[in-house]
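Below is one structure, written out as structure tokens, with a few remarks after it.
The values are calculated or read from the model by the stated rules, or taken from the named source; none is laboratory data. These figures come from a predicted structure and were not determined experimentally. Cβ placement follows ideal geometry from the backbone for every residue including glycine, while neighbour counts extend to all protein chains displayed. SASA here: full protein model, heavy atoms, side chains in, ligands and nucleic acids out. Shrake-Rupley method; radii C 1.70, N 1.55, O 1.52, S 1.80 Å.
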Amino acid sequence: TTVWTPQPNLGPDTALCDDESFVLNADDGFAHLNNYTYSWSPTYETTQTIKTLDAGGQATNYEVEVTNTMYGVRCPNRDSRVVDVAPKPIPNFDISGLPFIEGCEPLSIQIKNRTVGAVKYRWEFGDGHISTEENPEHLYYAGLYDFKYYATSDRGCIDSIQYRDFVSVYPSPKAKFSWTPETPTVLHPEVQFINLTMPHNSDNIYYWKIQYDKDVNHSVTTIKEYEPLYTFRAFDDQSIAGEYSVELVAMTKNLAPSGNYITCSDTTDSKLVLVNDFLQFPNVITANGDGINDIFVIKNLTDGLGYPTNELSIYDRWGKRVYHRENITSEEDFWDPGAENVPAGTYFYRFVGKGYLGNIQRNGVVEVLR
């Protein structure tokens with residue numbers, strides 16, 4: 001009597017990762033025709049198939065003995081397969097703000113990787129960008145984003161961390177403003193500010209910081225309005241003509257998933273020039289050295305800021321130019337007949353100015369007395 005000897009084939013040695021398993025099958029294709037018995041080591045199971053064990057990161061040699069007992073004859077055969085179980089990495093990282101990442105755009109995050117047992121990294125930021133760096137940086141713009149992190153060991157085992165709606169980034173307003181009239185004057189010092197902040201949101205909060213004393217930088221009045229109307233006033237009887245700083249702070253409050261309010265803001269500033277374009281020309285100069293009315297001064301030119309680009313020429317009665325200066329910025333720049341020792345008499349002046357409100361030309365006569 002001849003009995004078929006079983007031919008079990010468990011397959012080649014293989015490797016698994018932690019918490020993975022597969023089924024070992026000792027069937028040789030003829031088990032259904034014969035009286036087969038099975039004996040497994042190290043599990044001591046007696047079934048045709050068994051499931052691999054969680055070996056705690058160690059290799060296990062699985063061996064099966066298959067015996068055909070047909071007709072009372074025992075015909076055994078063996079096969080074995082080594083299954084190596086490799087440990088998975090333990091993904092971990094730090095980002096300030098866990099379990100929520102919340103902020104205003106552009107929001108920059110720096111990841112500190114705390115993973116154990118990984119040699120490869122894949123970060124999916126949820127906005128279409130990925131990184132394979134160990135400690136990546138990323139810049140987020142407005143939106144709500146999922147976050148995924150995959151860590152791979154040197155033996156190819158992968159574990160991951162995934163968060164849904166993990167990153168909340170809110171748009172910041174773009175502060176911008178103008179005013180009318182574009183160039184206010186001493187006679188009309190009222191200014192209407194125009195809010196050009198985008199996007200236009202009725203929930204936005206606006207703070208205007210307006211310098212009220214041109215000679216004191218920190219002299220600021222704060223107005224909480226959308227578009228304030230402001231009138232400049234003189235201090236200590238000084239002219240209000242000059243340069244003033246104006247700053248706009250635009251803020252938006254957003255209720256984040258954490259329950260916190262995220263305030264996004266933007267600030268812009270500009271210089272407003274308030275001019276005095278009413279020029280007064282002298283018609284008599286008493287060049288006697290007493291310090292009173294000794295020089296040819298055009299009142300409101302240097303401190304009025306109305307005509308920063310200017311040119312002054314003075315001629316004697318024979319047409320000879322005795323003085324010429326461009327872009328006068330101080331009283332020291334004006335014509336001093338006494339210093340130049342010009343004789344008393346009649347002189348003619350020609351003034352050309354280019355300013356914020358337009359261009360002017362003035363011609364006139366001045367009498368120099370001794």
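Remarks
- Within the stretch 239-343, strands (runs of 3 or more DSSP E) holding 1 or more residues that are under 30 Å from THR197 (Cβ atoms): 242-255, 261-274
- Considering the stretch 156-168, the residues that are exposed (fewer than 13 other Cβ atoms within 10 Å of the Cβ) and among the charged types (D, E, K, R) include one that is nearest to the chain's Cα centre (by Cα), namely ASP165.
- Being surrounded by 15 or more Cβ atoms within 10 Å (Cβ to Cβ), hydroxyl-bearing (Ser, Thr, Tyr), in contact (Cβ under 8 Å) with a residue 60 or more places away in the chain and over 28 Å from GLY353 (Cα atoms) is a description that applies to THR268.
- Enumeration of residues in the stretch 38-59 that are crowded, with 16+ Cβ neighbours inside 10 Å and either closer than 14 Å to GLN7 by Cα or not hydrophobic (A, V, I, L, M, F, W, C) (or both): TYR38, SER39, THR43, GLN48, THR52
- Residue in the stretch 169-213 that is nearest to LYS253 (Cα to Cα), counting only those that are touching a residue at least 60 places away in the same chain (Cβ under 8 Å), assigned to a loop (DSSP other than H, G, I, E, B) and open to solvent by 60 Å² or more (accessible area, probe 1.4 Å): PRO171
- Beta carbons closer than 9 Å, at least 6 apart along the sequence or on distinct chains, pair a first residue in the stretch 39-51 that is within 8 Å of VAL64 (Cβ to Cβ) with a second that is of a type in the set (Gly, Ala, Ser) and in a strand (DSSP E or B) for SER41/SER80.
- Residues in the stretch 95-144 that are touching a Pro at 6+ places or on another chain (Cβ under 7 Å), part of a strand (DSSP E or B) and open to solvent by 40 Å² or more (accessible area, probe 1.4 Å): VAL116, LEU139.
- The residues on offer are VAL169, VAL191, VAL216, VAL246, and the sole one that is among the aliphatic types (A, V, I, L, M), under 30 Å from GLU124 (Cβ atoms) and out of contact with any His (no Cβ under 8 Å at 6 or more places or on another chain) is VAL169.
- Hits in the stretch 287-307 (condition: open to solvent by 70 Å² or more (accessible area, probe 1.4 Å) and farther than 15 Å from VAL368 by Cα): LYS299, ASP303
- Listed by first and then second residue, the pairs linking a residue in the stretch 348-370 that is closer than 15 Å to TRP335 by Cβ to a residue that is open to solvent by 100 Å² or more (accessible area, probe 1.4 Å) and not basic (Lys, Arg), with Cβ atoms under 6 Å apart and 6 or more places separating them unless they lie on different chains, are ARG350/ASN363; VAL366/ASN283.
- Of the residues making up the stretch 346-357, those that are open to solvent by 30 Å² or more (accessible area, probe 1.4 Å) and in a strand (DSSP E or B) number 5.
- Scan of the stretch 307-323 for residues that are of a type in the set (A, V, I, L, M) and closer than 30 Å to VAL273 by Cα, ordered by number: LEU312, ILE314
- Residue check for VAL66: at pLDDT 95 or above, closer than 24 Å to SER21 by Cα and open to solvent by less than 30 Å² (accessible area, probe 1.4 Å): yes
- Condition check for ILE328: over 23 Å from HIS188 (Cα atoms), surrounded by fewer than 17 Cβ atoms within 10 Å (Cβ to Cβ) and out of contact with any helix residue (DSSP H, G or I) (no Cβ under 7 Å at 6 or more places or on another chain): no
- A count restricted to the stretch 14-58 and to residues that are at pLDDT 90 or above, charged (D, E, K, R) and outside any strand (DSSP E or B) stands at 3.
- VAL273 under 30 Å from TYR145 (Cα atoms) and surrounded by 12 or more Cβ atoms within 10 Å (Cβ to Cβ): no
- When residues of the stretch 214-231 are limited to those that are closer than 21 Å to VAL275 by Cα and polar (S, T, N, Q), the one least open to solvent (accessible area, probe 1.4 Å): SER219
- Among residues of the stretch 107-126 that are touching a residue at least 12 places away in the same chain (Cβ under 8 Å) and at positive phi, those with a Cβ under 7 angstrom from a residue that is open to solvent by 30 Å² or more (accessible area, probe 1.4 Å) and not aromatic (Phe, Trp, Tyr), sequence gap 6+ or separate chain, pair up as GLY117/PRO87; GLY117/ILE90; GLY126/ASP146.
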